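Take this structure, written in C-alpha cells, and hold onto it; I'll ask about it next.
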Amino acid sequence: YMNSSSYHHQLLPLMQGIKVLSLSKTNVQKTTVKYPKDKAEQQKIADCLRRIDTLITLHQRKYEKLVNIKKSMLDKMFPQNGASVPEIRFKGFTDPWEQRKLGDLCVEFRSGEFISASDITETGEYPVFGGNGLRGFTDRFNHDGEYTLIGRQGALCGNVNFAVGKSYFTEHAIAVRADKKNQTRFLYYLFSTMDLGQYSGQSAQPGLAVGNLVELKSTLPDKQEQEKISGVLTALDTLITLHQRKLEKLQNIKKSCLEKMFV
C-alpha cells in the first residue's frame, strides 16, 4: 500500500524543505492506511504483486547481465592499450588491424540541421535525433539509411547512437556514414569504445568539433571482420532491448495494479 499512488498523494502535502524535501515522523504518523479487513484478501493482493516483483527482478538481472556481457565483449573484441589486434577474434582472421583517421573511413561526417522545437512532436512519421538520442518525431527527414550518431553538445556530448531509415538529425548530432570499404554499424561500436567525450572543449557548454573528430586515429580490421564483430554485438543489443522492454512493461503493469488494487 505504501508504494501506491493513493498513499503517495497523502505524503506530498506533508513534505517540508526548500532544497531537500523531507518527512517528519510526526507527519507520517498522521497518515492513514485503507485496507481490506479480510486478511485473505490482503494476502491475495500481496501475492499478486509479489509475483510481479519476482518477474521484475528476474528481467532486471538478465538485463544487467547482458549489459555486462556486452561491455566485456567490447573490451575483448577491440584492441586495448595500443595493441594491433584484439584479445579474441573469429576463426580465419589473422591480419593485424590498421590504424586510420576516422575521417578517412567515411563518406559523410557532419552535423545535422536546425529544427524548431515546435516542429517536434510526440508522434509522427520520422524520428528526430539530437545530441542525446531520440527527441521525438516530425513530418520531414534529412537523412535516409544507416547512420552512426555522435552527440556533439551538452553534458552527454560524445555519446553514440545508431539510426536506420528516414530520420531527421539536428545540429546537435554528428551524422557518420562509412564508405564502401567499411561498415557504419561497426563504426557505431568502435566509437563506443573511444570515449569521444574526452575531446570536448573545456567551456561552460562542452562541445565536439567535427574538424577534430575526423583527425582522430583508431585501429580497425577489414570489412569482412567488421561485419562479424558487429553481427555479434548487434545480437546482444537485440537481447538487451528485448529484456529492457519486458522490464518496462512489467514495471508499468505493477504501477497500474498499485493504482487499481488500492483505494
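Look at Thr170 and say whether it is out of contact with any helix residue (DSSP H, G or I) (no Cβ under 6 Å at 6 or more places or on another chain) and closer than 24 Å to Lys70 by Cβ.
no
Among the residues in region 129-141, are any farther than 23 Å from Gln198 by Cβ, open to solvent by less than 40 Å² (accessible area, probe 1.4 Å), touching a Ser or Thr at 6+ places or on another chain (Cβ under 8 Å) and not charged (D, E, K, R)?
Scanning region 129-141, I find at least one residue that is farther than 23 Å from Gln198 by Cβ, open to solvent by less than 40 Å² (accessible area, probe 1.4 Å), touching a Ser or Thr at 6+ places or on another chain (Cβ under 8 Å) and not charged (D, E, K, R), so the answer is yes.
Still on this structure, I have one more. Among residues belonging to region 110-153 that are small (Gly, Ala, Ser), part of a loop (DSSP other than H, G, I, E, B) and more than 16 Å from the chain's Cα centre (by Cα), point out the one that is nearest to Ala209 (Cα to Cα).
Applying the filter and picking the extreme gives Gly112.
Identify all residues within region 196-213 that are open to solvent by 60 Å² or more (accessible area, probe 1.4 Å) and over 16 Å from Lys101 (Cα atoms); write none if there are none.
Those that are open to solvent by 60 Å² or more (accessible area, probe 1.4 Å) and over 16 Å from Lys101 (Cα atoms): Gln198, Gln202, Ser203, Ala204, Gln205.
Also: Assuming Leu187 fulfils every condition listed in (1) in contact with a strand residue (DSSP E or B) (Cβ under 7 Å, 6 or more places away or on another chain); (2) at pLDDT 95 or above; (3) in a loop (DSSP other than H, G, I, E, B) apart from one, which condition is it?
Only one criterion is unmet by Leu187, namely (3).
Between residues in region 82-108 that are touching a residue at least 60 places away in the same chain (Cβ under 8 Å) and residues that are open to solvent by less than 70 Å² (accessible area, probe 1.4 Å) and of a type in the set (D, E, K, R), which pairs lie under 7 Å by C-beta distance while being six or more apart or on different chains?
Phe90/Glu225; Phe93/Glu225; Leu105/Asp179; Cys106/Asp179; Val107/Asp179
Just to be sure before I move on: is Val176 within 14 Å of Lys101 (Cβ to Cβ) and open to solvent by 10 Å² or more (accessible area, probe 1.4 Å) in the structure I sent?
no
In region 142-160, what residues are among the small types (Gly, Ala, Ser) and open to solvent by less than 30 Å² (accessible area, probe 1.4 Å)?
Listed by number, the residues that qualify are Gly145, Gly151, Gly154, Gly158.
Restricted to region 235-253, and to residues that are under 30 Å from Pro96 (Cβ atoms) and surrounded by 15 or more Cβ atoms within 10 Å (Cβ to Cβ), which residue is farthest from the chain's Cα centre (by Cα)?
Leu236
Could you list, in sequence order, all residues of region 28-59 that are among the β-branched types (Val, Ile, Thr), over 16 Å from Glu248 (Cα atoms) and part of a helix (DSSP H, G or I)?
Val28, Ile45 - these are the residues of region 28-59 that are among the β-branched types (Val, Ile, Thr), over 16 Å from Glu248 (Cα atoms) and part of a helix (DSSP H, G or I).
The values are calculated or read from the model by the stated rules, or taken from the named source; none is laboratory data. If you're wondering where the values come from, they're calculated on a predicted model, not measured in any experiment. Don't worry about glycine lacking a Cβ; one is built from the backbone with ideal geometry, like all the others, and counts go over all protein chains shown. Ligands, DNA and RNA are stripped out before the accessible areas are found, and what is left, the full protein with its side chains, is counted by its heavy atoms. Shrake-Rupley method; radii C 1.70, N 1.55, O 1.52, S 1.80 Å.
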